[in-house]
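Novice: Before I ask anything, here is the structure I am working with.
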Amino acid sequence: MTLLTRWDPRRDLATMQDRINRFVRESYSPEGPEEALTTTNFAPPVDIYEDEHNITLKMEVPGIDEKDISVSIENNTLTVRGERRFEKNEKEENFQRVERMYGSFTRSFTLPNTVDPEQVSAHYEKGVLKIRLAKKAEAKPKLIKVNVEKTLEAKNPGKVA
């Protein structure tokens, strides 16, 4: 599965607007910067690749407990939800900078008809969630053997017919 993404300047503008809104919300939140950090939404990056048997998603979710991640499939849509909680620590109450994103996230992916929704596995290790979606048997490539029959050689190999 080759995936090309068309450059869309409006999307880049929307991303910039979201960042500005988040900055303002975090800086001037009436609850204080710690509360604003806990309510920020983010979208962890995902790599998607395909081979002849599976479609695999790898999502970066470091610092998130596996109990705070859920994976579901409904109506041919894979949805991953999770939350990175902002942990207050007395030693770190005077932050100089906070760049990591906190809060909840939801990522949804429309699955092709070739995926078998009964054959899905998820594995979480070292901050990476790996979801393997098996393809249906009819979608897998089939190898068809071609039989080649040998032709009989002419009785007189020296003669040209």
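Bear in mind these aren't lab numbers, they're just calculated from the coordinates by the rules spelled out. The shown structure was predicted, so the numbers you read here are calculated from the model rather than taken from an experiment.
Novice: Which pairs, out of LYS67/LYS135; LYS67/LYS130; LYS67/LYS136, put more than 25 Å between their alpha-carbon atoms?
Specialist: From the list (LYS67/LYS135; LYS67/LYS130; LYS67/LYS136), the Cα-Cα distance tops 25 Å for LYS67/LYS135; LYS67/LYS136.
Novice: Amide H of ASN54 versus every other amide H placed in the peptide plane: which residues, excluding those fewer than 5 positions away on the same chain, fall under 5 Å?
Specialist: LYS135
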